[in-house]
Amino acid sequence: MSAVDETNVEKGRVADKALGENALFGMGNPLLDISAVVDKDFLDKYGLKPNDQILAEDKHKAMFDEIAKKSKVEYHAGGSTQNSVKIAQWMIQKPHKVATFFGCIGSDRFGEILKQKAEEAHVDAHYYQQTDEPTGTCAACITGDNRSLVANLAAANCYDKEKHLDLESNWDLVEKARVYYIAGFFLTVSPESILKVAKHASENNKIFGLNLSAPFISQFFKDDMMEVMPYVDILFGNETEAATFAREQGFEETGDIAAIARWAQALPKVNQRRPRTVVFTQGRDDTVATVGEKVTMFPVLDIDQNDIVDTNGAGDAFVGGFLSELVQERPLEECIRAGHYAANVIIRRAGCTFPEKPNFR
């Protein structure tokens, strides 16, 4: 039995348990996504390629205010974990505020816009606001079919466990949840916060999910990651991240995604009542997941390549769809089907955006 499926039988409960507020908890790096159409001169001014993803340097700092002054600018609540809980909430629809989100922002205009956008998405966002750094932003500079993404983490790097997570009113929200999800990116900011949440989930037989997020996390933050891993009930990642994770941990069969999934599933785990589930996506190829000690392949939805607009949010969307079913205690197959649906919707649109309502069931 997997970490996912046990929720269907634990204490005699059945699937589709009534959802309440704050049942799903996410914590990560909040970014305000700022999208606008620009011209080649704008790209050249800031040394940007038409289709790229980079972290902001000093020469890019003025760019965020400049792009915000464009005539048709769009704002969205972004950042990997926030994207996923936002999509989970969209898939669920009602009740509102099933999803809680913690992260750090600045006390500035972009922070106020981010709060407004999170509220519009019906996510119960509780941000730690500080004045040392501005709100994190991700500029999407659009030229034709190309998108040049520039992320400035800024305040997202300033999350303070003692000043936010440890506050009684905030920790009460953590305790209300029964499913937890944190992207590996947050290991670069506050591994001690991740550990506190992960241990709480493990001690109370709740579900804690972690995402490998990017190859550099497994390479440069491996000690922090492996400190959290014994508490991980569901491990997410894509094929590239999985191969890097396996290689960095000394597993030799890095070319066999199913073998990596089996190996990751068997890594030491504290809560033995809930076997770990491993879920690796592979773009247009089958998603790989452990079901007990077996590995199962789940085909993704067909899509005409001409309908693909932007694949950047696909991984976040898959997790969001997965979490929307998981928090309702539905089986692994349904969680993955919802993940595939959400990713299929998001890659047809620019940015991590979605229509008013899903058409999933």
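The values are calculated or read from the model by the stated rules, or taken from the named source; none is laboratory data. Source: prediction; values computed, not measured. Cβ placement follows ideal geometry from the backbone for every residue including glycine, while neighbour counts extend to all protein chains displayed. Areas reflect the complete protein model, heavy atoms only, side chains present, ligands, DNA and RNA absent. Shrake-Rupley method; radii C 1.70, N 1.55, O 1.52, S 1.80 Å.
In the set (1) closer than 28 Å to Glu57 by Cβ; (2) open to solvent by less than 10 Å² (accessible area, probe 1.4 Å), Asp233 fails one condition alone, (1).
Residues of segment 86-107 that are surrounded by fewer than 17 Cβ atoms within 10 Å (Cβ to Cβ) and within 26 Å of Ile67 (Cα to Cα): Ser107 alone.
Of the residues examined, Glu333 is not one that is open to solvent by 40 Å² or more (accessible area, probe 1.4 Å), part of a loop (DSSP other than H, G, I, E, B) and either more than 26 Å from His200 (Cα to Cα) or among the aromatic types (Phe, Trp, Tyr) (or both). Scanning segment 279-299 for residues that are within 18 Å of Thr240 (Cα to Cα) and charged (D, E, K, R) gives Arg284, Asp285, Asp286. Scanning segment 179-197 for residues that are over 21 Å from Leu323 (Cα atoms) and either without any contact (Cβ under 8 Å) to a residue 60 or more places away in the chain or hydroxyl-bearing (Ser, Thr, Tyr) (or both), we see that the one that is most open to solvent (accessible area, probe 1.4 Å) is Glu192.
Could you list all residues from segment 210-230 that are part of a helix (DSSP H, G or I) and open to solvent by less than 10 Å² (accessible area, probe 1.4 Å)? Before the answer, list the steps.
Initial filter on segment 210-230 (part of a helix (DSSP H, G or I)): 215-220, 222-230.
Ile217, Ser218, Met225, Val228, Met229, listed by residue number.
Applying a threshold of 9 Å to beta carbon distances and a minimum spacing of six or more residues, or different chains, the list of pairs starting in segment 284-300 at a residue that is at positive phi and modelled with pLDDT under 95 and ending at one that is surrounded by 19 or more Cβ atoms within 10 Å (Cβ to Cβ) and part of a loop (DSSP other than H, G, I, E, B) reads Gly292/Ser2; Gly292/Pro275. Set side by side, the residues Glu248, Glu252, Glu293, Glu239 differ, and just one is open to solvent by 50 Å² or more (accessible area, probe 1.4 Å), in contact with a Gly (Cβ under 8 Å, 6 or more places away or on another chain) and of a type in the set (D, E, K, R), which is Glu239.
Here Lys49, Lys72, Lys59, Lys97 are screened, and the one residue that is touching a Leu at 6+ places or on another chain (Cβ under 9 Å) and basic (Lys, Arg) is Lys49. Of everything listed in (1) more than 19 Å from Gly20 (Cα to Cα); (2) at pLDDT 95 or above; (3) open to solvent by 30 Å² or more (accessible area, probe 1.4 Å), the single unmet condition for Lys176 is (1).
Restricted to strands (runs of 3 or more DSSP E) entirely inside segment 115-155, those with at least 2 residues that are among the β-branched types (Val, Ile, Thr) are 137-143. Selection of segment 38-50 for residues being touching a residue at least 40 places away in the same chain (Cβ under 8 Å) and either within 28 Å of Cys104 (Cα to Cα) or surrounded by fewer than 14 Cβ atoms within 10 Å (Cβ to Cβ) (or both) yields Asp39, Lys40, Tyr46, Leu48, Lys49.
For segment 142-163, indicate whether the set of residues that are of a type outside the set (Phe, Trp, Tyr) and over 30 Å from Asp65 (Cβ atoms) is non-empty. First the steps, then the outcome.
Going residue by residue through segment 142-163, those that are of a type outside the set (Phe, Trp, Tyr) are 142-158, 160-163.
This time we only want the ones that are over 30 Å from Asp65 (Cβ atoms), so: 161-162.
Within segment 142-163 (the criterion being of a type outside the set (Phe, Trp, Tyr) and over 30 Å from Asp65 (Cβ atoms)), the answer is yes, since at least one residue qualifies.
Here segment 114-154 is the region considered, the condition is being of a type in the set (Asp, Glu) and buried (at least 17 other Cβ atoms within 10 Å of the Cβ), and the residue that is nearest to His96 (Cα to Cα) is Asp124.
Among the residues making up segment 262-319, those that are over 23 Å from the mean Cα position of the chain (by Cα) and small (Gly, Ala, Ser) are Ala266, Gly292.
Checking every residue in segment 74-84 against the condition of being over 23 Å from Arg109 (Cβ atoms) and out of contact with any strand residue (DSSP E or B) (no Cβ under 7 Å at 6 or more places or on another chain) gives zero matches. In segment 51-83, the residue that is nearest to Leu24 (Cα to Cα) out of those that are buried (at least 20 other Cβ atoms within 10 Å of the Cβ) and among the aliphatic types (A, V, I, L, M) is Ala77.
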